[in-house]
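*Asks:* First, the structure itself, so that you have it in front of you.
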Amino acid sequence: MRKTFRDGNVMISVETAPAVIEFADILDATKVVSDEYETMTPWENCDGFEHEAIPSRCLPDEADARAMHGYIYWDRERHVLTLPKGEDYGIYQYMRAQGASRQVAAEAVAAKRRRTLDQLKGWYANGWQWHGVKCNFEVLGEEFEASVWGIDDEDYAEREVKQEIALEVAAQLEAAGYTVIGQPEPEKRLGAKRQSMTPEAWRAEYARNLAAQNWRV
């Protein structure tokens, strides 16, 4: 709201804004967008996807199920994707510490390796797209903003990251003296501890969490 009044020979214009802001308005200003400047491959950007793409002049022996599982046709050549030998992503010791038998722990590792190969094959076959989440929220000419980039899963960005960025902007507004109402309860937040993170720290945390995928068979 803008009010104008005279002080002697001077006209003064004063703009006011509500001291209370709805979190839903911040969330509405938070958008998932394409990240057109990220050039890294997903396996360079995210932990847990180290591998080799070994050129192969012919199809792997059908009897070699592991090689067949990793077979791809990429860049006009046949390749076999191979994961680091013995890589268990920390799953084996974790499962054993949770009381799982050696067999169950080994099966969990094998399942994880299969999922990793499937994800890599999908990237090689279908490509990938990076996304960012950004929020620009203006109050009385002052802009509060936050963003994070290099997200390879649009659904994840929409479902989880969008709220986290909105919470980061809400924290900035509260620090500036505004009251933000309608925020999700702390126990319901998927990442309440991230609220005070910088975008750079958040991205590092995102990469670590992405590497710690579901270990259940």
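Derivation of every value follows stated rules applied to the coordinates shown; laboratory data play no part. On a predicted model such as this, the values are computed, not experimentally measured, just so you know. Here the Cβ positions follow ideal geometry from the backbone for every residue, glycine too, while neighbour counts run over all protein chains shown.
*Asks:* Among the listed pairs LYS112/LYS162; LYS31/LYS121; LYS85/LYS134, which are separated by more than 31 Å between their Cα atoms?
*Replies:* LYS85/LYS134
*Asks:* What is the dipole size for segment 44-126, taken about its Cα centre, with +1 at each Lys and Arg Cβ and -1 at each Asp and Glu Cβ, in debye to the nearest 20?
*Replies:* 240
*Asks:* In addition: Would you kindly derive the ³J(HN,Hα) couplings of segment 128-134 from the backbone phi angles with the Karplus curve 6.51 cos²θ - 1.76 cosθ + 1.60 (θ = phi - 60°), listing them in order in whole Hz, with x for Gly and Pro?
*Replies:* Karplus-based 3J(HN,Hα) across segment 128-134 equals 8, 9, 9, 10, x, 10, 9 Hz.
*Asks:* Charges only on Cβ, +1 for Lys and Arg, -1 for Asp and Glu: so what's the dipole of segment 57-181 about the Cα centre, in debye to the nearest 20?
*Replies:* 1040
*Asks:* Still on this structure, please answer the following. Given labels modelled 7 Å from the Cα in the Cβ direction, how far is it in nm from ALA125 to VAL20?
*Replies:* About 5.4 nm, to one decimal.
*Asks:* What percent of all Cα-Cα pairs in segment 42-157 falls in each 10 Å bin, counting up from 0?
*Replies:* 12, 30, 27, 18, 8, 4, 1
*Asks:* What list do you get for ASP35, ASP25 if you sort them by fewest beta carbons within 10 Å?
*Replies:* Listing ASP35, ASP25 from fewest to most nearby Cβ atoms yields ASP25, ASP35.
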